[in-house]
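I have placed the structure first, in the form of structure tokens, so that the comments after it can refer back to it.
Laboratory data are not the source of any read-out in this text; all were calculated from the coordinates shown. Note that the structure is predicted; figures quoted are calculated from it, not measured. Cβ: placed from backbone, ideal geometry, glycine included. Neighbour counts: every protein chain shown.
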Amino acid sequence: MNAIHLMDSLIATGQARRGLIVTGEQGFRNTINAYKVLLNSHDRDAFMNVAAGLTLGDAGAALIMGPKIDPDSGFPGNHGGI
């Protein structure tokens, strides 16, 4: 939410007309580590320590923000810039 609030402020103060916010994560590394642990151990505790890593994957998202055209549209913001 920090990037959305920052872009909202930039748009509201006229410092930007529009903005692109992007994010991403690499959960695949945790999955590989979980596989390695599981291949080398049949211990239940070891499995419980890495099981969450089996549910992760890589992900990304993007959001283009611009000024509100209608006060009833878009996301609610403090400055009306979204």
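Worth a mention:
- Of all residues in region 1-24, those being among the small types (Gly, Ala, Ser) and either assigned to a loop (DSSP other than H, G, I, E, B) or touching a Ser or Thr at 6+ places or on another chain (Cβ under 8 Å) (or both) number 3.
- The residues of region 9-31 that are in contact with a strand residue (DSSP E or B) (Cβ under 7 Å, 6 or more places away or on another chain) and farther than 16 Å from Gly60 by Cα, listed by number, are Leu10, Ile11, Arg18, Gly19.
- You will find that of Val50, Val37, Val22, the residue that is in contact (Cβ under 8 Å) with a residue 12 or more places away in the chain and under 20 Å from the mean Cα position of the chain (by Cα) is Val22 and no other.
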